[in-house]
Amino acid sequence: MIRVRVDRERLTNRITGFRVEGHALFAESGKDIVCAGVSAVTVGTVNAAEALLGVELSANMESGLLDVTVPDELPEPKSTSLQLQLESMIVMLQTIEQSYGKHIRLKQNYE
């Protein structure tokens, strides 16, 4: 199962990072649409932050793991735009979870 944890600041609800780990095991490697969807959404979000906003997120990627930290100090409107991108990522992951809930779990963690 893929486990996604989104970290947020309790007071502001600001997303401070996210962690994706595990394997969907929906189908064999190379044919797993759940894994492909989750990877496209999460890695695409990291790439979009850099390409569209010029914000480099701290990311550690290994087999079955993507661990991302959002920079603390970002100027406006970059911070607002990045948060919107991250919230969009969550909606996409929730959509995948609704259809393939046996293979992905999304949890939001308030710090």
Checklist entry - How far is it, in nm, from the label point at K102 to the one at N60 when both lie 7 Å from their Cα along the line to the Cβ? => result 3.3 nm
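Within 15 Å, Cβ to Cβ, of P75, how many net charges do the neighbouring residues add up to if Lys/Arg are +1 and Asp/Glu are -1?
Numbers: positive: R14, K78; negative: E56, D72, E73, E76.
So the environment of P75 carries a net charge of -2.
When the accessible area of region 15-87 is split by element with a 1.4 Å probe, what percent falls to carbon and sulfur? Let's see the in-between values first.
On the way: 2210 of 4070 Å².
Heavy-atom surface of region 15-87 belonging to carbon and sulfur, 1.4 Å probe: 54 percent.
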Checklist entry - Spin-label point model (7 Å from Cα, Cβ direction): what's the D67 to M92 distance in nm? => result 2.3 nm
Item to check | Cα-projected label distance for S39 with A51, points at 7 Å along beta-carbon direction, nm | outcome: 1.7 nm
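Work out how much length T80 to E111 would gain on full extension: take 0.36 nm times their residue separation and subtract the Cα-Cα distance, in nm to one decimal. All intermediate terms of the calculation are to be shown ahead of the outcome.
Details: separation 31, 0.36 × 31 = 11.16 nm, distance 1.96 nm.
Between T80 and E111, full extension yields an extra 9.2 nm.
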Checklist entry - With axes computed from alpha carbons, what is the tilt in degrees of helix 33-53 against the longest principal axis of the chain, rounded to the nearest 10 within 0 to 90? => result 20 degrees
Item to check | Partner aspartates and glutamates for K31 [C-alpha distance under 20 Å; skip if fewer than 8 residues away on the same chain] | outcome: E21, E62, E97
Checklist entry - What number comes out for the charge environment of Q108, summing +1 per Lys or Arg and -1 per Asp or Glu over other residues with Cβ under 13 Å away? => result +3
Checklist entry - Per residue, what accessible area does the chain have, given a 1.4 Å probe and all protein chains present, in Å²? => result 59 Å²
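The values are calculated or read from the model by the stated rules, or taken from the named source; none is laboratory data. Remember, it's a predicted structure, so these values are computed and weren't measured experimentally. Reconstructed Cβ throughout: ideal geometry from the backbone, glycine too, with neighbour counts over all protein chains shown. Accessible surface areas use protein heavy atoms only, side chains included; no ligands, DNA or RNA. Shrake-Rupley method; radii C 1.70, N 1.55, O 1.52, S 1.80 Å.
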